[in-house]
1. Residue by residue through the range 48-56, which ³J(HN,Hα) values in whole Hz follow from phi under the Karplus form 6.51 cos²θ - 1.76 cosθ + 1.60 (θ = phi - 60°), with glycine and proline marked x?
2. Counting alpha carbon pairs within less than 8 Å and at least 6 residues apart, what relative contact order, in whole percent, applies to the range 3-76?
3. In whole angstrom, how far apart do the alpha carbon centroids of the range 26-77 and the range 1-22 sit?
4. Over the alpha-carbon set of the chain, divide Rg by the Kirkwood Rh and report the Rg/Rh ratio to two decimals.
5. Exposure proxy check: LEU41, LEU58 ranked by fewest other beta carbons within 10 Å?
6. Quick one: 3J(HN,Hα) in Hz for the range 22-36, Karplus 6.51/-1.76/1.60 with θ = phi - 60°, rounded, Gly and Pro as x.
7. Pulled fully out, how much extra length does the chain show between ASP34 and ASN14, if you take 0.36 nm times their separation in residues and subtract their Cα-Cα distance?
Amino acid sequence: MSTADEISTLLVANFGTDPVAIRPEASLRQLRLDSLALEELRLLIEDRMGIDLEDVQLTSRDTVGQLVDAVHRKAAA
């Protein structure tokens, strides 16, 4: 499963995000993720993918594509 697919699965399963809305250009704010939800998502990603995202700084203004890129870079490191 790709990084984008993993994140999409987490968004749908844990936040009730409409799968159609999950596009690379969609902001995390458009997906109704506030700062608390972003922190929860970070922890879910870390747990599921076994990576440390502590130093990744994302806000609700960032896009799904930016999140996927950041996670992909950390997973590849």
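None of the figures in this text is laboratory data; all of them are computed from the coordinates on show. Keep in mind that what you see is a predicted model, and the values were worked out from it rather than measured. Here Cβ is always computed from backbone atoms with ideal geometry, including for glycine, and neighbour counts include all displayed protein chains.
1. Karplus-based 3J(HN,Hα) across the range 48-56 equals 5, 9, x, 10, 9, 10, 3, 8, 7 Hz.
2. Here the relative contact order equals 40 percent.
3. The distance from the Cα centre of the range 26-77 to that of the range 1-22 comes to 12 Å.
4. 0.91
5. Ordered from fewest to most neighbouring Cβ atoms within 10 Å, LEU41, LEU58 come out as LEU58, LEU41.
6. Karplus values, whole Hz, x for Gly and Pro: 7, 10, x, 8, 6, 6, 5, 5, 4, 8, 6, 9, 8, 4, 5.
7. Here the segment from ASP34 to ASN14 would lengthen by 5.8 nm.
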